[in-house]
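The values are calculated or read from the model by the stated rules, or taken from the named source; none is laboratory data. Computed from a predicted model, the values in this text were never measured in an experiment. Here the Cβ positions follow ideal geometry from the backbone for every residue, glycine too, while neighbour counts run over all protein chains shown. Keep in mind that these areas ignore ligands, DNA and RNA; they rest on the heavy atoms of the full protein, side chains included. Shrake-Rupley method; radii C 1.70, N 1.55, O 1.52, S 1.80 Å.
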Amino acid sequence: MKPLSQKEMNRLEVMQKLLSRQWTQEKAALFLRIRIRQVQKLLYCYRRQGQDALVSKKRGYPGNHRMPDSVKQLAVTLIKRHYSDFGPTLAAEKLFEKHGKG
């Protein structure tokens, strides 16, 4: 079992209340700020997989819009070489102006 975040712990409590029929799916949806259909899907997965179903499947993977490490390294190198005394906003503007593709 993976450790749960606070958000996932809240979902676990809600799933337990749903299974014990203390809460309705509508109340769970309002509490979790998701749609009833998502509550139904969560409950179905929770019944089959237990609390592992509540853990985010994206955990441990890089974001979809993450900048490649090579680009980050190039930017750091250019800033150190040419713009070391600039603040972050001005350095970003100069990087784009002189070295960016626009």
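Which percent of the accessible area of segment 1-68 is formed by carbon and sulfur heavy atoms (probe 1.4 angstrom)? Could you put the intermediate results ahead of the total?
Working: 2850 of 5630 Å².
Looking at segment 1-68 in its full context, I get 51 percent from C and S.
I need the shape label for the chain. Rule: rounded when a/c is under 1.5, else prolate if a/b > b/c, else oblate, with a, b, c from the alpha carbon gyration tensor.
The shape class here is prolate.
Using only Cα atoms, tell me the angle between helix 69-82 and the longest principal axis of the chain; keep it within 0 to 90° and round to the nearest 10.
Roughly 40 degrees between the two axes.
Top mean-square fluctuation among LEU42, LEU74, LEU30, Gaussian network model of the chain, C-alpha springs under 10 Å?
LEU74
Filter the trypsin sites (Lys or Arg not before Pro) in segment 1-100 to those in DSSP coil with at most 11 other Cβ atoms within 10 Å of their Cβ, and list the result.
Those that pass, being in a loop and sparsely packed, are ARG21, ARG33, ARG35, LYS57, LYS58, ARG59, ARG66.
Pop a pseudo-label 7 angstrom from the Cα along the beta-carbon direction at both LYS57 and GLU26 and give the gap in nm to one decimal.
3.0
Helix 36-49 against the longest principal axis of the chain: what's the angle in degrees, Cα atoms only, rounded to the nearest 10?
80
What pairs in LYS72/LYS94; LYS27/LYS58; LYS2/LYS41; LYS2/LYS58; LYS7/LYS27; LYS2/LYS57 have C-alpha atoms more than 23 Å from each other?
Correct reply: LYS27/LYS58.
7 Å from Cα along Cα→Cβ at both GLN16 and LEU78: what's the point-to-point distance in nm?
Output for this residue pair reads 5.3 nm.
Extension gain LYS94-SER70, at 0.36 nm per residue separation less the Cα-Cα distance, in nm?
Net length gain for the segment: 6.8 nm.
Measuring from a point 7 Å past the Cα of ARG47 along Cα-to-C-beta, which residues in segment 17-38 have an amide N at less than 18 Å?
Hits in segment 17-38 for ARG47 at 18 Å: 17-29, 36-38.
Name the shape class, rounded, prolate or oblate, that the alpha-carbon gyration tensor gives for segment 1-60, where a ≥ b ≥ c are the square roots of its eigenvalues, rounded holds for a/c under 1.5, and otherwise prolate holds if a/b is larger than b/c and oblate otherwise.
Because a/c hits 1.5 or more and a/b exceeds b/c, segment 1-60 counts as prolate.
What are the ³J(HN,Hα) values, in whole Hz, obtained from phi via the Karplus relation 6.51 cos²θ - 1.76 cosθ + 1.60 with θ = phi - 60°, for each residue of segment 50-59 in sequence order, with x given for Gly and Pro?
Running phi through 6.51 cos²θ - 1.76 cosθ + 1.60 with θ = phi - 60° gives x, 5, 4, 5, 8, 7, 4, 6, 8, 4 Hz.
Please state the equivalent ellipsoid semi-axes for segment 47-102: what are the square roots of 5 times the Cα gyration tensor eigenvalues, largest first, in whole Å?
On the way: eigenvalues 316, 24, 19 Å².
In descending order the semi-axes read 40, 11, 10 Å.
Using a Gaussian network model of the chain whose springs link C-alpha atoms within less than 10 Å, name the residue from GLN25, GLN38, GLN73 with the highest mean-square fluctuation.
Fluctuation is largest for GLN73.
Relative to the longest principal axis of the chain, what angle (0 to 90°, nearest 10) does the C-alpha long axis of helix 6-19 take?
The answer is roughly 20 degrees.
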